[in-house]
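Engineer: Below is one structure. I have some questions about it.
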Amino acid sequence: MQAADIKSVGIIGAGRIGQAMAQTALRAGRQVVIANSRGPQSLTSVVEALGAGVSAGTVKDAAAADIVVLAVMWPQVPQAVAGLEWEGRIVIDPTNDFDPSDLDGRTSSEVVADLVAPARVVKAANTLGAAILGSDARQAGGQRVIFLSGDHADAKSEVGALFEQAHYFVIDLGGLREGGRMQQVGGPLAGHNL
């Protein structure tokens, strides 16, 4: 599948990161379905604020998109992904576990990958605050950097294309284990706006 063939982005979670990822996807020319646990009717003002190209849906609707963004707080991840169909999906994981002592030496994205198997997980969009992530990536004549990591080259290519089309400069950090460690809270790249 070519990057141009990937059109839809589903976002599970309509908070600050979910809305910032919707803005990013819109800048990349994608159609967006945004969802939360309270249902589409609770998202009227969010959809109006985000504008054309965004619709409210159920969590199942969002999970049916070509690329799915898991934009919930770390403690809600298992509940947010339970019972959904993940076959053939690419999942962007921007979550942060602020107390990685519960990961048993794994990265949070490795845990997410187990929860959404067989989806292909790409860690991205977790090193920037929501306000920065949602703003135009073209700054001072340059491009804002976004990091990604994952164990599937095709999925990283698709996610990289999404961010490049939204004007980001993408840096691939490798697999979920090594790249995820650099990106997660406490890692050397966490919180840097480059």
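Engineer: List the aspartates and glutamates whose alpha-carbon lies under 12 Å from that of Lys60, not counting same-chain residues fewer than 8 positions away?
Structural biologist: Cα-Cα hits under 12 Å: Glu85.
Engineer: Taking the inverse of the average 1/r across all pairs of different Cα atoms in the stretch 98-145, what Kirkwood radius in Å do you get?
Structural biologist: 13.2 Å
Engineer: Can you work out the Karplus-derived ³J(HN,Hα) for every residue in the stretch 123-136? Use 6.51 cos²θ - 1.76 cosθ + 1.60 with θ = phi - 60°, whole Hz, and x for glycine or proline.
Structural biologist: Going residue by residue, I get 7, 6, 6, 9, 9, 10, x, 4, 4, 6, 4, x, 7, 4 Hz, with x marking Gly and Pro.
Engineer: So if each residue of separation counts as 0.36 nm, and I subtract the Cα-Cα distance between His167 and Leu194, what length gain in nm does that give?
Structural biologist: Taking His167 through Leu194 to full extension adds about 8.4 nm, to one decimal.
Engineer: Counting alpha carbon pairs within less than 8 Å and at least 6 residues apart, what relative contact order, in whole percent, applies to the chain?
Structural biologist: Relative contact order comes out at 21 percent.
Engineer: Taking the alpha-carbon distance from Lys123 and a cut-off under 12 Å, which aspartates and glutamates remain once sequence neighbours fewer than 8 residues away in the same chain are dropped?
Structural biologist: Asp93, Glu110, Asp151, Asp172, Glu178
Engineer: Could you report the chain's accessible area per residue, 1.4 Å probe, as an integer in Å²?
Structural biologist: Here the residues of the chain average 45 Å² of exposed surface.
Engineer: I need the shape label for the stretch 61-141. Rule: rounded when a/c is under 1.5, else prolate if a/b > b/c, else oblate, with a, b, c from the alpha carbon gyration tensor.
Structural biologist: oblate
Engineer: Using θ = phi - 60° and the Karplus form 6.51 cos²θ - 1.76 cosθ + 1.60, what ³J(HN,Hα) does each residue of the stretch 143-155 get, whole Hz, x for Gly and Pro?
Structural biologist: Per residue, the Karplus-derived 3J(HN,Hα) values read 10, 5, 8, 10, 9, 9, 8, x, 9, 10, 4, 5, 5 Hz.
Engineer: Here is a follow-up. Determine one quarter of the surface area of the Cα convex hull of the stretch 1-90, which equals its mean projected area, and express it in nm² to one decimal.
Structural biologist: Averaged projected area of the stretch 1-90's Cα convex hull equals 5.5 nm².
Engineer: Could you work out Rg/(2.2 N^0.38 Å) for the chain, with Rg from alpha carbons only?
Structural biologist: Cα Rg divided by the expected 2.2 N^0.38 Å: 0.93.
Engineer: Ignoring ligands, DNA and RNA, how do Arg89, Arg38 rank by accessible area with a 1.4 Å probe, largest first?
Structural biologist: Order by accessible area, largest first: Arg38, Arg89.
The values are calculated or read from the model by the stated rules, or taken from the named source; none is laboratory data. Being a predicted model, the structure only gives us computed values, none of them experimental. SASA here: full protein model, heavy atoms, side chains in, ligands and nucleic acids out. Shrake-Rupley method; radii C 1.70, N 1.55, O 1.52, S 1.80 Å.
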